[in-house]
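Working notes, beginning with the structure itself.
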Amino acid sequence: MNPVLAFATARRILTQLRHDPRTVVMLIIVPSLLMVLLRYVLNSPRLFSATAPALLGVFPFLIMFLITSVTTLRERTTATLERLMTLPIGRLDLLFGYALAFGGLAVVQVAVAAGVSVTWLGLDVRGSLWLLMLIAVLDALLGMALGLFVSAFARTEFQAIQFMPVFVLPQILLCGLFVARASMGWVLHWLSNVMPLSYAVEALGRVTTSSTVDITLVRDLLVVAGCALLALVLGAATLRRRTP
Amino acid sequence: MRNSAVSVDGLRVRRGGREVVSGVSFEIAAGAVTGLLGPSGCGKTTVMRSIVGVQIVAGGRVTVLGEPAGSPALRRKIGYATQDPAVYSDLTVTESLRYFAAILRAPSSDVDRVIASVGLETEAHKLIGALSGGEHSRANLAIALLGKPELLVLDEPTVGLDPVLRDSLWGLFRSLAAAGTTLLVSSHVMDEAARCDRLLLMRDGLLLTDDTPDGLRDRTGSADLEQAFLHLIREQEAARP
């Protein structure tokens, strides 16, 4: 593990994005636009305050999953990954480079969406705004790590995008956003319990409704961080120096 | 052989359920240009990938600069350019090279040096994706030249280049070899064979011959290397039961 190489990789990825301003603008603005849309669809500050925190976690999770799976797949198919594997760079250097670049982007994305929600749309956050941001960024990293992992099982960009409904949508359906988790049948409740997004959404709900940091919140944070790290390690296992 | 940079012994590789390299053995002399020639699909790229250490092999031994192929210590000593350019097309030539130079811990002056050696000075700040095919493959070659590698493995580096450029790249390869670098260059054009110190001819996953261009001409009695290659193929086919 060499921080210099992780930073060089992060800089390379951000430079690639700099040449693609349309993607950057969409990344930063789209979640905020969706929050505005949500606010007027619900047409009630109370309902908005109940739903918005969960979506502040879901949007970065979803978007980072998509862009990482496509970017890494591109790296695999254009053989730049094979070239990197012949060079003195570790797999973790590469992965942490990705995490740094996309994590940084997620911070900006979440900050803009949370800023718009709090200052303009009337989202009421009782707890720490920093904690809210931290959870949302962890969600983004989780999405990134999962995206990286599943890119190993896709051969084309079409396939990579199809993994989104497989890996992401069930988590969104079961995370407590549409139906309270406690009222689900035992099979669905169990499924919901093993999906990391459920913990992220629970933590986001707690931060917005209460200013106390209790043991459940800490547990939720640890679960999300742990899952992100696990997915990153699984992702590292899919980067092979030798291929058939 | 003490001064061999690469030694391949009984290499076998299976891909997609069939053997694409079937027991190939040869040595590559240090500080020389060795040409790996043969029709496309004959196993050249697979042999090169095995030397670089990214190919899963089914058998045999590949030793590079005294270490087993794929050893971590070799990653700094080998420059490898794939046939399909492995470069970030959404970066400029300079940006892309800077990233690879950082990985190799090469000085930043190296970036300008390799850009000049492949003649991409005027394209240095253009996006790689906007370059022509030939410029694209030269950008790919430039990355392999970073950090003064001891061994250069170049897979079809001159495909699609105009004759003037091809000539200047071969001039570059010769001067690198003169400075002590070992080069393994693959090609399917026979007229490039004459510029190599030694030739490895492959066909259908087998090594047909390992000789100097002159040795090959003498042995087959044909002045033209293309004809010499044909001669060897007929000989091989006649020997088959």
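Data table
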{"quantity": "Global size of chain B as Cα Rg and Dmax, reported in angstrom", "calculated": "17.9, 58"}
{"quantity": "Number of partner chain Cβ atoms within 10 Å, mean per residue of B:93-101", "calculated": "4"}
{"quantity": "Space enclosed by the convex hull of the alpha-carbon atoms of the protein assembly as shown, per residue, Å³", "calculated": "165"}
{"quantity": "Rounded accessible area per residue of the protein assembly as shown, 1.4 Å, Å²", "calculated": "44"}
{"quantity": "Convex hull per residue volume in Å³, alpha carbons only, for the range A:33-132", "calculated": "99"}
{"quantity": "Shielding by other protein chains, A:10-23, mean Cβ within 10 Å", "calculated": "3"}
{"quantity": "Protection proxy ranking of A:149-157, B:79-87 - average other beta-carbon atoms within 10 Å, highest first", "calculated": "B:79-87, A:149-157"}
{"quantity": "Scattering curve values for the range A:153-220, log₁₀ I(q)/I(0), Debye with Cα scatterers, q = 0.11, 0.12, 0.25 Å⁻¹", "calculated": "-0.35, -0.40, -1.04"}
{"quantity": "For the pair A and B, total buried accessible area rounded to nearest 100 Å², probe 1.4 Å", "calculated": "2700"}
{"quantity": "Pairwise label distance in nanometres, residue B:84 with residue B:116, each label 7 Å out on the Cα-Cβ vector", "calculated": "3.5"}
{"quantity": "With Cα atoms, 0 to 90° folded angle of helix B:163-178 axis to chain B main axis", "calculated": "80"}
{"quantity": "Principal-axis tilt of helix A:157-167 within chain A, Cα atoms, nearest 10 degrees", "calculated": "40"}
{"quantity": "Three semi-axes of the equivalent ellipsoid, the range A:3-238, Cα gyration tensor, whole Å, largest first", "calculated": "30, 20, 17"}
{"quantity": "Cα centroid of the range A:200-234 to Cα centroid of the range B:118-178, whole Å", "calculated": "51"}
{"quantity": "Carbon/sulfur fraction of accessible area - the protein assembly as shown, other protein chains in place, 1.4 Å, %", "calculated": "61"}
{"quantity": "For the range B:184-241 versus the range B:1-59, the gap between their alpha-carbon centres in whole angstrom", "calculated": "16"}
{"quantity": "Average Cα contact separation per residue, chain B, under 8 Å, 6 or more apart, as relative contact order %", "calculated": "25"}
{"quantity": "Unit charges at the beta carbon, dipole of the protein assembly as shown: most positive-side option, B:215, A:201, A:184", "calculated": "A:184"}
{"quantity": "Charge context of residue A:212, other residues only, Cβ under 10 angstrom, K/R +1, D/E -1", "calculated": "+1"}
{"quantity": "Length-normalised contact order of chain A in % [C-alpha pairs under 8 Å, at least 6 apart]", "calculated": "29"}
{"quantity": "Extent along principal axes [Cα atoms of the range B:167-216; Å; largest to smallest]", "calculated": "32, 21, 19"}
{"quantity": "Angle between chain B longest axis and helix B:225-239 axis [Cα atoms, degrees, rounded to 10]", "calculated": "40"}
{"quantity": "Cβ-placed point charges (K, R +1; D, E -1), dipole of the range A:38-194 about Cα centre in debye, nearest 20", "calculated": "160"}
{"quantity": "Mean ellipticity per residue at 222 nm, deg cm²/dmol - from DSSP H runs of n ≥ 4 across chain B, formula -39500 (n - 2.57)", "calculated": "-10500 deg cm²/dmol"}
{"quantity": "³J(HN,Hα), Karplus 6.51/-1.76/1.60, whole Hz, each residue of the range B:138-148, x for Gly, Pro", "calculated": "6, 4, 5, 5, 4, 4, 5, 7, 4, x, 6"}
{"quantity": "CD proxy at 222 nm, helix term only [per DSSP H run n ≥ 4: -39500 (n - 2.57); per residue of chain A; nearest 500]", "calculated": "-26500 deg cm²/dmol"}
{"quantity": "Pair residue B:73, residue A:191: separation of 7 Å Cα→Cβ label points (nm)", "calculated": "5.4"}
{"quantity": "Added length on full extension, which subtracts the Cα-Cα distance from 0.36 nm per residue, residue A:152 to residue A:215", "calculated": "19.1 nm"}
{"quantity": "Whether the range A:94-189 is rounded, prolate or oblate, judged on the alpha carbon gyration tensor where a/c under 1.5 counts as rounded", "calculated": "oblate"}
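The values are calculated or read from the model by the stated rules, or taken from the named source; none is laboratory data. Remember, it's a predicted structure, so these values are computed and weren't measured experimentally. Don't worry about glycine lacking a Cβ; one is built from the backbone with ideal geometry, like all the others, and counts go over all protein chains shown. Please note that ligands, DNA and RNA were not included when accessible areas were found on the heavy atoms of the full protein model with its side chains. Shrake-Rupley method; radii C 1.70, N 1.55, O 1.52, S 1.80 Å.
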